[in-house]
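Colleague: Can you read through this structure? Questions will come right after.
Derivation of every value follows stated rules applied to the coordinates shown; laboratory data play no part. From a predicted model like this one, the values you see are computed outputs, not experimental measurements. Cβ atoms come from the backbone with ideal geometry, glycine included; neighbour counts cover every protein chain shown.
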Amino acid sequence: MLRKFIDWILFTSVFAALCAVGMCIATEKLVLGVIPDAVTPLHLMLFCSTLLVYNLHFILRTRAHVDEEHWSKYKSMWHWVMVAVGSVGLFFSLFYLSAEILLWCAVMGVCSFMYSFPLLPFSNKRRLKDYGWGKIVSLVVVWVIATSVLPILYWHKNIADYPFEILIRTSLMLALCIAFDIRDMQTDAKKNIRTIPNRIGAAKSYVLIDVSIIIFVFSSVIQYLRYPNASRLVAEMITAVCMKVVMLYVKKQPSDKAYLGLVDGMMLLYALLIILLN
């Protein structure tokens, strides 16, 4: 029963949606000084849009990973259910968001759908993820906007006051996205998608992950000097150590569940540590 629930929460992208909301709240705690309400139009929009986009992605792609073998019997039904839930929730949340937020949502929406749909205005009709650079850039940009830029703007704060929050989020997401590209190296190579790992190799890609973690650490320290909060800094240091441990683990034990649960789980760990530590 527990295994089935874990499969459900991972492969329906409910877990990813919780990660998005959690990291959004982590940024809100920085700009507000307090933890915001759990249910807000912004949180509803993030949760539902993640469900919508990720489940559409699962529906469109062919099964490429062994861990989905048992899940594949039911994935069509559940993915369509989550697409419906995500669509309805996203629709209603938009009525309560400002024009500025909606503009950023439109940018994220275009990037997200160009990632999985052949919407680029080229004759070969390729998707963003069919380009090595487009795959990682679109993912990092969307997640950084969603979890750091939007919450700053939602509470009418100035983005220029929190540059290192955006850098922290960028370095975190870059490390995680490179890890997923390492996982997908063989699949991407067959499709002639030249991602960072396929260009420079897995070994150098893990070095790049380490560099991203180091940037994450230094950005956290600099932000602490601007906005002194010892518990937040401790949370970020713990996250950095855990990221390194997880990368070493998935390097030896790669699987879809390890990536979806542990690598993606670094986002939720980061958020929970910041939210819970006072």
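Colleague: Summing +1 for each Lys or Arg and -1 for each Asp or Glu, what net charge is found among the other residues whose Cβ lies under 14 Å from the Cβ of Pro163?
Modeller: Working: positive: Lys157, Arg169, Arg226; negative: Asp161, Glu165.
Every neighbour counted, the sum reads +1.
Colleague: Please give the contour-minus-distance gain from Tyr131 to Val107: 0.36 nm per residue of separation, less the Cα-Cα distance, rounded to one decimal in nm.
Modeller: Details: separation 24, 0.36 × 24 = 8.64 nm, distance 1.89 nm.
Computed gain between Tyr131 and Val107 is 6.7 nm.
Colleague: Another one. At a 10 angstrom cut-off on C-beta neighbours, averaged per residue, how do the peptides 187-197, 47-57, 255-265 rank from highest to lowest?
Modeller: Values: 187-197: 16.2, 47-57: 23.4, 255-265: 18.5.
By packing density, highest mean first, the sequence is 47-57, 255-265, 187-197.
Colleague: Using a cut-off of 11 Å between beta-carbons, work out the net charge of the residues near Val217 (Lys and Arg +1, Asp and Glu -1, Val217 not included). Each step should come with its number before you reach the end.
Modeller: Values: positive: Lys244; negative: Asp210, Glu236.
Residues close to Val217 contribute a combined charge of -1.
Colleague: Where does each of 31-41, 232-242 land if you order them by average Cβ count within 10 Å, highest first? The partial results should precede the final answer.
Modeller: On the way: 31-41: 12.7, 232-242: 18.2.
The densest-packed peptide leads the list: 232-242, 31-41.
Colleague: What does the helix-only formula give at 222 nm for the chain: each DSSP H stretch with n ≥ 4 adding -39500 (n - 2.57), the total divided by the residues, and the result rounded to the nearest 500 deg cm²/dmol?
Modeller: Values: 13 runs with 200 residues, N = 278.
Theoretical 222 nm ellipticity from helices: -23500 deg cm²/dmol.
Colleague: Ok, one more. Based on Cβ point charges of +1 for Lys and Arg and -1 for Asp and Glu, what charge dipole magnitude is obtained for the chain about its Cα centre, in debye rounded to the nearest 20? Walk me through the numbers on the way to the answer.
Modeller: Numbers: 26 positive and 17 negative charges, 171 e Å.
Computed charge dipole of the chain: roughly 820 debye.
Colleague: Going toward the positive end of the dipole of the chain, with +1 on Lys and Arg Cβ and -1 on Asp and Glu Cβ, which of Tyr270, Met237, Ile209 do you reach last?
Modeller: Value: Ile209.
Colleague: Any idea which of Ala160, Ser98, Val53 is furthest toward the positive side of the dipole for segment 2-276, if Lys and Arg beta-carbons carry +1 and Asp and Glu beta-carbons -1?
Modeller: Of the listed residues, the answer is Val53.
Colleague: Over the chain, what is the mean sequence separation of C-alpha contacts under 8 Å (at least six apart), divided by residue count, expressed as relative contact order in percent? Each step should come with its number before you reach the end.
Modeller: Numbers: 329 pairs, mean separation 61.0, N = 278.
That works out to 22 percent.
Colleague: Let me ask another. Of Asn192, Val83, Ser148, which is farthest on the positive side of the dipole of segment 2-276, counting Cα position, with +1 on Lys and Arg Cβ, -1 on Asp and Glu Cβ, and the Cα centre as origin?
Modeller: Checking the options against the dipole of segment 2-276, the answer is Asn192.
Colleague: Quick one: give the max-minus-min coordinate of the C-alpha atoms of segment 176-278 along each principal axis, largest first, in Å.
Modeller: The Cα atoms of segment 176-278 stretch 48, 25, 19 Å along their principal axes.
Colleague: When you count, for each residue, the other Cβ atoms within 10 Å and take the mean per peptide, how do 201-208, 102-109 rank with the highest first? Write down the numbers at each step before the final one.
Modeller: On the way: 201-208: 14.1, 102-109: 15.6.
My ranking of the peptides, most packed first, is 102-109, 201-208.
Colleague: Tell me whether the chain comes out rounded, prolate or oblate; compute the Cα gyration tensor, take square roots of the eigenvalues as a ≥ b ≥ c, and use a/c under 1.5 as the rounded threshold.
Modeller: rounded
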